[in-house]
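Shown next, in structure tokens, is the structure this report addresses.
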Amino acid sequence: MGTECVITLFSSSDAEALSGAFEILKDIDGRISRTREDSEISRINRMAGLEEVEVSEETFSLLARAVDLAYFTEGAFNPLLGGVVDLWGIGTEEARVPSQEEIAAVLPYCSLDNILLDEARRTVFLKSDKTSIDLGAIGKGYASDKVAEYLRSQGVERGIINLGGNVYVLGRKSAEEPWVVGLQNPESGYGGYYATVSVEDCAVITSGSYERFMTKDGMEYSHIMDPETGSPAETDLLSASIISEDGAFADVLSTAVFVLGYDEGVSLIEKASVEAVLLTDEMEMVRL
Ligand code: AMP
Ligand code: MG
């Protein structure tokens, strides 16, 4: 998943479930990673403009959900941004600032009408070879849902799933107390937090520019792209954290809210009826 995955369980009888949980993560990564050549998503991307690809039920329903949620966020979350993400390469060795011409040459192919999903045949077709799926903004939330579902089915009542700082808590800390999850302070090192949320049985997922960015000529460019411009989002938020029982939804929303910025982000949070904590670029915290 390109990040550190830590699963914490509290009962010795949960040991078997722990290895099962990592099998699930590996399976998901093997299906949806765009850096693994043999993943289903890579196959779809390779066949873009050429041929439709039949995929597993799980991958098909994730893609269908991603497209639905893209419309729900009015395109602020867009799973077809792969072309733009690659152009900038933020977080990779090839990170650079592309020209406006280069951006203009791929951006039209990121629009949502470039993917065709055939439910009856479980096939996916990308209409142009310039279109590329990137599930980076939903994958970790989705994976945490799947791991949580599996652990529950194994009778695990208490646990913490941490996928690169995106947390899903199972159950409560104890009968008396819920879990307390810290929200990363962008201005301090990893592990320092600016606020906490008390939660049970839900995901706490954060998008922030501090996670991954490149600095060029004194400018900081984040890995979260604005689908309208094809460039890193220029936003008045430092981070957006979403709290929801639905990890995939929380992941999508965290990215979309970050892209939209404070005003439109708040409207989306209200439309989605989720809890959220926003940190503005003036280090002001807002709980919604
Ligand atoms: P997240 O950390 O959940 O906000 O997801 C960021 C990752 O999703 C990036 O590293 C890109 O791979 C991809 N991405 C960037 N911007 C967007 C966007 N606006 N919509 C969907 N995916 C995006
Ligand atoms: Mg996200």
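Side notes on the structure shown:
- The stretch 1-43: number of residues that are part of a helix (DSSP H, G or I) and out of contact with any Gly (no Cβ under 6 Å at 6 or more places or on another chain): 24
- Residue 104 meets the conditions (1) among the hydrophobic types (A, V, I, L, M, F, W, C); (2) touching a strand residue (DSSP E or B) at 6+ places or on another chain (Cβ under 9 Å); (3) more than 19 Å from residue 34 (Cβ to Cβ) in every case but one. The failed one is (2).
- Test set (1) in a strand (DSSP E or B); (2) within 20 Å of residue 138 (Cα to Cα) - residue 198 fails condition number: (2)
- Tallying residues that are of a type outside the set (Phe, Trp, Tyr) and within 13 Å of ligand 2 (Cβ to nearest atom) within the stretch 117-144 yields 10.
- Single match in 194, 221, 262 (criterion: away from ligand 1 (no atom under 15 Å from the Cβ), of a type outside the set (Lys, Arg), over 17 Å from the mean Cα position of the chain (by Cα) and farther than 28 Å from residue 160 by Cα): 262
- The stretch 30-40, subset within 16 Å of ligand 2 (Cβ to nearest atom) and at pLDDT 95 or above, residue surrounded by the most Cβ atoms within 10 Å (Cβ to Cβ): 32
- Unique residue being among the charged types (D, E, K, R), in contact with a Cys (Cβ under 7 Å, 6 or more places away or on another chain) and either over 15 Å from residue 165 (Cβ atoms) or away from ligand 2 (no atom under 12 Å from the Cβ) (or both) when the list is 245, 228, 234: 245
- Against the numbered list (1) within 15 Å of ligand 1 (Cβ to nearest atom); (2) within 24 Å of residue 65 (Cβ to Cβ), residue 235 comes up short only at (2).
- Elements of type strands (runs of 3 or more DSSP E) contained in the stretch 205-272, each with 3 or more residues being closer than 23 Å to residue 182 by Cβ: 237-244
The values are calculated or read from the model by the stated rules, or taken from the named source; none is laboratory data. Predicted model only: the values in this text are computed from it and were never measured. Quick reminder, even Gly has a Cβ in these numbers, built from the backbone with ideal geometry, and neighbours come from all protein chains shown.
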